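*Asks:* Dumping the structure here so I can ask a few things about it.
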């Protein structure tokens, strides 16, 4: 919640005398961002229990003047095997998050910039648990694909003309299609449930990015 409070306080600085921005320029530039929230665990605490965290690990922006084309990517690919007395248990978790959009910017003084825009986003998620050994192999799995998008709002603090810090929030709505495979009743012919619906994912400004202008 701290970052959101800072954002509101920052919006009140519009009455300050105008200064030339360290970041905005009429020249084209590329901006590479790295989500360092995990590295600085606990630095920002949004207080939004139950709300999803920012899943994007990297961002790339092509900027000029007060506008930018924005791209983002994130993912998780994990698999571990646990050795049990009656067999093995393999847990797999795969996620891929993509987004692309456009943003507009407004400088406040030399070191702060407010940005807002719209994104299109897509995601793929799959999880499975496989028990092998006794009495026979059993796999419980689920997967989904989502397509959607929504508005974004954030701010940047410019440490230098080449390095900035950024935080933001977004509200995405996804149309989700997925399936669940449950072998509880009959492992040989597991029950398959198909899922369709709309998932609204609000994310508070609880992540911190370091941005490098290339």
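*Asks:* Return yes or no: is residue 171 at pLDDT 90 or above, surrounded by fewer than 17 Cβ atoms within 10 Å (Cβ to Cβ) and under 17 Å from residue 152 (Cβ atoms)?
*Replies:* yes
*Asks:* Does residue 207 fit the bill of being in contact (Cβ under 8 Å) with a residue 12 or more places away in the chain, closer than 20 Å to residue 96 by Cβ, surrounded by 17 or more Cβ atoms within 10 Å (Cβ to Cβ) and touching a strand residue (DSSP E or B) at 6+ places or on another chain (Cβ under 9 Å)?
*Replies:* Yes.
*Asks:* Looking at 151, 161 in this structure, which one is surrounded by fewer than 16 Cβ atoms within 10 Å (Cβ to Cβ), at negative phi and not in a strand (DSSP E or B)?
*Replies:* Being surrounded by fewer than 16 Cβ atoms within 10 Å (Cβ to Cβ), at negative phi and not in a strand (DSSP E or B) holds for just one of 151, 161, which is 161.
*Asks:* Something else now. What's the number of the condition residue 194 fails, among (1) free of Cβ contacts under 8 Å to residues at least 60 places away in the same chain; (2) under 30 Å from residue 23 (Cα atoms)?
*Replies:* (2)
*Asks:* Take residue 166 and decide whether it is surrounded by 14 or more Cβ atoms within 10 Å (Cβ to Cβ) and either in a loop (DSSP other than H, G, I, E, B) or at pLDDT 95 or above (or both).
*Replies:* Answer is yes for this residue.
*Asks:* Now a separate question. Are any of the residues in segment 51-73 at pLDDT below 90 and exposed (fewer than 11 other Cβ atoms within 10 Å of the Cβ)?
*Replies:* Scanning segment 51-73, I find no residue that is at pLDDT below 90 and exposed (fewer than 11 other Cβ atoms within 10 Å of the Cβ), so the answer is no.
*Asks:* Quick check on residue 122: is it under 16 Å from the mean Cα position of the chain (by Cα) and surrounded by 14 or more Cβ atoms within 10 Å (Cβ to Cβ)?
*Replies:* Against the criterion (under 16 Å from the mean Cα position of the chain (by Cα) and surrounded by 14 or more Cβ atoms within 10 Å (Cβ to Cβ)), residue 122 qualifies.
*Asks:* Out of all the residues in segment 125-139, is one or more surrounded by 14 or more Cβ atoms within 10 Å (Cβ to Cβ) and closer than 22 Å to residue 71 by Cα?
*Replies:* yes
*Asks:* Can you find a residue that is within 17 Å of the chain's Cα centre (by Cα), surrounded by fewer than 15 Cβ atoms within 10 Å (Cβ to Cβ), at pLDDT 50 or above and closer than 17 Å to residue 101 by Cβ anywhere in segment 24-31?
*Replies:* Within segment 24-31, none of the residues are within 17 Å of the chain's Cα centre (by Cα), surrounded by fewer than 15 Cβ atoms within 10 Å (Cβ to Cβ), at pLDDT 50 or above and closer than 17 Å to residue 101 by Cβ.
*Asks:* Let me ask something else about it. Pick from 20, 82: which is part of a strand (DSSP E or B), farther than 29 Å from residue 199 by Cβ and modelled with pLDDT of 75 or more?
*Replies:* Being part of a strand (DSSP E or B), farther than 29 Å from residue 199 by Cβ and modelled with pLDDT of 75 or more holds for just one of 20, 82, which is 82.
*Asks:* Identify all residues within segment 188-204 that are surrounded by fewer than 14 Cβ atoms within 10 Å (Cβ to Cβ) and farther than 18 Å from residue 74 by Cβ; write none if there are none.
*Replies:* The answer is 188, 189, 191, 192, 193, 194, 195, 196, 197, 198, 200.
The values are calculated or read from the model by the stated rules, or taken from the named source; none is laboratory data. Only a predicted model underlies this, so the values are computations on that prediction, with no experimental measurement involved. Quick reminder, even Gly has a Cβ in these numbers, built from the backbone with ideal geometry, and neighbours come from all protein chains shown.
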